[in-house]
1. How do 310-323, 78-91, 200-213 rank on mean C-beta neighbours within 10 Å, highest first?
2. Pull up all non-local amide H partners of Gln72: gap of 5 or more, or a different chain, and H-to-H distance under 5 Å with H placed in the peptide plane.
3. Output the 0 to 90 degree angle, nearest 10, between the alpha-carbon long axis of helix 134-143 and the longest principal axis computed from the alpha carbons of the chain.
4. For n ≥ 4 DSSP H runs only, could you compute -39500 (n - 2.57) per run for the chain, divide by its residues and tell me the 222 nm figure to the nearest 500?
5. In degrees from 0 to 90, rounded to the nearest 10, what is the angle of the helix 112-122 Cα long axis to the longest principal axis of the chain?
6. Would you give the gap between the C-alpha center of the stretch 308-365 and the C-alpha center of the stretch 188-207, rounded to a whole Å?
7. Could you order Ile189, Ile242, Ile121 by accessible surface area, starting with the largest, using a probe radius of 1.4 Å?
8. Can you compute 3J(HN,Hα) from phi for each residue in the stretch 210-222, using the Karplus curve 6.51 cos²θ - 1.76 cosθ + 1.60 with θ = phi - 60°, rounded to whole Hz and x for Gly and Pro?
Amino acid sequence: MSAGIPDTTISDVSWYRSAVPALQIGPHEIGGEYGRALVIAEAGVNHNGDLLLAHRLIDASADSGADAVKFQTFSASAVVTGGGATAPYQEAAGSGTSQRSMLERLELPVTAWAELRNHAIDRELLFLSTAFDRASLELLTDLGVDAVKVPSGELTNVMYLESHAACGLPILASTGMANMEEVDAAVSILTESTAGLALFHCVSAYPTPIAASNLRAIQTMRDRHHVPVGWSDHTAGNVAAIAARALGAAMFEKHVTLDRTMVGPDHRASADPAELTAYVEAIRACESALGNGKKVPVDIEFENRRVARRSYYASRDIVEGEQLDAINIEALRPVDGVPASERLVGRTAARAIVAGAPIEWNDLA
């Protein structure tokens, strides 16, 4: 490990406040006492329905150092009625007032998904996508994805949750807009999956003000449901991510865009490639700073201990057989003799000690 921190086994990572069983997603172990968070670059629908742009988002995700890239797979007609309105933030982003027409513009052809999956694998990324309807879920499971994602808006959709619990894959579920009773109800369905469950704390506001993050909910849900919990992050910057990692967030999800000024519902609340790179680096730096939870000096401290701590010196000439006291000895830097952590008052000098000399163990009777 970096900075001279002694290497440890997984069971030594005691900073994790409440150890939970690890969840295996592809080559990644999430939660438990494993010290590395999974960082998901959420490409979502920021491709604007353009397959070439979707491929560019995969490359940007890989270049940032993220572990995974995630999209959203859906058929607009299976998600929303013809009269469904867009959310205010979507309308403000230029997506119009019709949710159906917005989603239709953001659909990718069925043939695109295998192509995108293969590209992600070539870039050594875990490929994930949120399925918003049953046909899309079947498409993704047939592609061999390593996990399925439940978005916040579907957390109270019983039929949707049951279909995901039955698909035989690990489930990542976001909890934006939900209270704890709704989370409990969803977990009771999703834990029917034998492949495992992880939750995301999420605030469904785009962007999310820092003050609305409520990051302590990560600990609350982890302790309550005993599953890994991550942070689906819609805040600007890296502050919330660092705080979430320190609180034990096991996963991160961050929207990525090539240009925040593009027309589309999520671009404004997304990180551009440079910001995503800085985001991943901040999480990894935080992990490095967390260490292993053991209070021991690290290697780079040892060279300073001798000069920063004190040992005993003779404050005047001491004769053989003289008793040591607060007058004839004093504690001074550096540590060249018996360390000041020992008690020497009342001990007897075994031989003469000249003023200013460090007192060593063999000077004592």
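The values are calculated or read from the model by the stated rules, or taken from the named source; none is laboratory data. Being a predicted model, the structure only gives us computed values, none of them experimental. Virtual Cβ from ideal backbone geometry, glycine too; neighbours counted across all protein chains shown. Only protein heavy atoms, including side chains, enter the accessible area calculation; ligands, DNA and RNA are left aside. Shrake-Rupley method; radii C 1.70, N 1.55, O 1.52, S 1.80 Å.
1. Values: 310-323: 15.9, 78-91: 14.0, 200-213: 18.1.
Descending packing order for the listed peptides: 200-213, 310-323, 78-91.
2. Amide H neighbours of Gln72: Gly44, Thr130.
3. Computed tilt is about 60 degrees.
4. Values: 11 runs with 109 residues, N = 365.
Calculated from helices alone, the mean residue ellipticity at 222 nm is -8500 deg cm²/dmol.
5. 20
6. 64
7. Details: Ile189 25, Ile242 70, Ile121 100 Å².
Sorted by accessible area, descending: Ile121, Ile242, Ile189.
8. My calculation for the stretch 210-222 gives 3, 5, 9, 5, 6, 5, 5, 5, 4, 5, 4, 6, 5 Hz in order.
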